[in-house]
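Report on one structure; see the data block that follows.
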Amino acid sequence: MKTETLAGTSRPPAVLDLYPLDELYSLRGQALPAIEPVQAAEMPEPSRSLLAHESDMTSTLESFYGEKLRLAVFGRRMAGNEYLREVVLRLGPHGRSVEYGAIRIILDILPEGVRREILREQQPLGRILAQWGMAFSSQPRAYLRIASDDFLNRTLDLGGRRWLYGRRNALMDGWERPLAEIVEILPPS
């Protein structure tokens with residue numbers, strides 16, 4: 001297996017839309033770690049298979065690990081009809097962290113029961129939408145390579161600096177209205 005270092009890169013800097021990740025880091029008074037765009041083909045497996053698709057991450061990760069994921073919400077903010085939250089998806093109640101997500105959910109176009117379930121903070125968004133029979137699509141906007149920082153290392157139970165992979169994704173309803181914007185980051189598998 002090829003080992004990557006956090007040393008410099010030959011890629012030119014790129015402007016990426018990292019919302020809501022940038023907003024949530026800013027609210028904590030932290031600078032974003034080094035993040036650069038990558039093509040899906042540049043990501044190592046299993047990150048590529050887990051990120052380069054048009055399915056929601058909840059069902060993709062549950063299928064990959066063969067286990068139901070648990071949600072841990074550790075940061076949230078309400079702004080009008082927008083609900084921003086930071087989450088970790090874990091295997092089992094206190095198991096391994098398998099995804100960090102920074103999510104902006106547009107509440108006002110969701111049915112009342114779905115909004116209530118989201119705000120209960122007990123289940124991942126993808127599972128809630130599926131349980132309520134909501135038609136939605138996942139539309140990846142960019143694939144990312146992220147240098148782990150102290151925050152991501154704590155959040156994903158990692159030690160040492162390393163490259164992580166993720167995606168900037170949008171969930172759209174059946175009429176192509178935005179339901180959520182998400183930056184999803186995976187630990188090394």
Say we join alpha carbon atoms closer than 10 Å with springs in a Gaussian network model of the chain; which of ILE105, ILE118, ILE146 then has the biggest fluctuation?
ILE118
Check which residues have an amide H placed less than 5 Å from ILE109's amide H, if you skip close sequence neighbours.
none
Low-density loop positions, chymotrypsin sites (Phe, Trp or Tyr not before Pro), the stretch 87-147 - DSSP coil, at most 16 other Cβ in 10 Å:
TRP132
Residue by residue, what Karplus-based ³J(HN,Hα) values in Hz, rounded to whole numbers, does the stretch 105-116 have, using 6.51, -1.76 and 1.60 with θ = phi - 60° and x for Gly and Pro?
10, 8, 7, 5, 9, 8, x, 3, x, 5, 4, 4
Residue-wise HN-Hα coupling along the stretch 175-182, computed from phi with Karplus coefficients 6.51, -1.76, 1.60 (Hz; x: Gly, Pro):
9, 6, 8, x, 9, 7, 10, 9
Here the gain from full extension of GLU23 to ASN81, 0.36 nm per residue of separation minus their alpha-carbon distance, amounts to 19.3 nm
Amide H partners (placed H, <5 Å) of ALA142, local residues excluded:
ARG168
Sequence gap at least 6, Cα distance under 8 Å: using those rules, report the relative contact order of the stretch 35-186 to the nearest whole percent.
25
So what J values fall out for the stretch 82-91 if you push phi through Karplus, 6.51 cos²θ - 1.76 cosθ + 1.60 with θ = phi - 60°, rounded to Hz, Gly and Pro as x?
9, 10, 9, 8, 10, 9, 10, 9, 10, 7
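When only DSSP loop residues count, what trypsin sites (Lys or Arg not before Pro) in the stretch 67-118 have their Cβ near at most 16 other Cβ atoms within 10 Å? Could you put the intermediate results ahead of the total?
Values: sites: LYS68, ARG70, ARG76, ARG77, ARG85, ARG90, ARG96, ARG104, ARG115, ARG116; in loops: LYS68, ARG96.
Listed in order of number, the matching sites are LYS68, ARG96.
None of the figures in this text is laboratory data; all of them are computed from the coordinates on show. Owing to the predicted nature of the structure, the values given are computational and were not obtained by experimental measurement. As a convention, Cβ positions derive from the backbone with ideal geometry for all residues, glycine included, and neighbour counts pool all protein chains shown.
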